[in-house]
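Below: the structure, in C-alpha cells.
What follows is calculated from the coordinates using simple rules that are stated; it is not laboratory data. On a predicted model such as this, the values are computed, not experimentally measured, just so you know. Here Cβ is always computed from backbone atoms with ideal geometry, including for glycine, and neighbour counts include all displayed protein chains.
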Amino acid sequence: MTHGWTIVDYYLRRKLAFHPARRAFDPLQVIPALDGDTVSIYGVNDGQSEWRGTLRYGLFTFDGSEGTRDELEVVLPPNVSTLLAQFPLADWQALGERRAAAYATLWENGICIRQNRLLLARFREVNWPAPEIRIVRRGERAVLSSARFVWGVCLDPVGDQELADDLFDLLPGIEWSIPWPTERPLPQVAYTGNGGAMS
C-alpha cells in the first residue's frame, strides 16, 4: 500500500484513515469540548430533518473503575449545532486529567449510534490499561465492549474488507456494534491504539 493523503489506495483498498474521515463527515455528531472552566456537550445535525434521541455523557477513568453519567432526552434541529449540556471542569480534575476523559454518546432505540471523547492528557502521560475486548454476535451485528477504555480498535489494518466501521474507540461499559452477516465468523481485533498488536 503506497503512502499519501488519500483514504483509499490505487486498488481502492481502504486505508486506516478511511473510517475516521467517514465519521468526521457524518451529518450527526456529538462533541464534548472544553469551554474555559466548563465542559460543554454539543450536538451537531447537518441533516435536513430534526433528530430525537437520548444523550448520555459524563466522565470515565481509563481503567473503567470510576466515572459519572447523566442522561437527557434531546432534540437536534436541522442544520445547526446545539449546546446540550455542561458540567464543571473541576469534576474532571477531581478524577485526574491523566486518569480520565470526558465522553458523550447519542442513543436511538437503545443502541449507541454516535460516540465521542475528549482527552486533556498527552498520550505519553497516561498509564494505559491493557485492553480486554469482548465480541459477541447479536443478530446480524457484531457487538464489541470493554470494561476499560480502548483507543482505536482496528479490525482490518490492510483494508481488504469492506467493513461498515473500523478504527473506533470502546468506551468503558458501552457497547459498540457494527453490521456483521450471520454466516461470517466474528471479527478479530488486530491492533488497538493503546495496546498495540492483539495477536
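For the reader, a short list of remarks on this structure follows.
- Ordering of 40-49, 56-65 by burial proxy (mean other Cβ atoms within 10 Å per residue, highest first): 56-65, 40-49
- Derived value for the chain: Kirkwood hydrodynamic radius 17.9 Å. Basis is the mean of 1/r over every pair of different alpha-carbon atoms.
- Evaluated over the stretch 34-149, the Cα radius of gyration and Dmax, each in Å: 15.6, 44
- Toward the positive end of the charge dipole of the chain, with +1 on the Cβ of Lys and Arg and -1 on the Cβ of Asp and Glu, the farthest Cα among Pro20, Ser49, Cys154 is that of Cys154.
- Dipole magnitude of the chain about its Cα centre (Cβ charges: Lys, Arg +1; Asp, Glu -1), debye to nearest 20: 400 debye
- Projected label distance in nm at Asp46 and Cys112, using a 7 Å step from Cα toward the beta-carbon: 2.3 nm
- With each label modelled as a point 7 angstrom along the Cα→C-beta vector, the Gln161-Ile31 pair spans 3.1 nm.
- Value of relative contact order over the stretch 94-198, rounded to a whole percent, pairs C-alpha under 8 Å and six or more apart: 25 percent
- The residue among Pro129, Tyr191, Ser145 whose Cα reaches farthest toward the positive pole of the charge dipole of the chain, with charges on the beta-carbon of Lys, Arg, Asp and Glu, is Tyr191.
- Relative contact order, percent, the chain [alpha-carbon distance under 8 Å, six or more residues apart]: 19 percent
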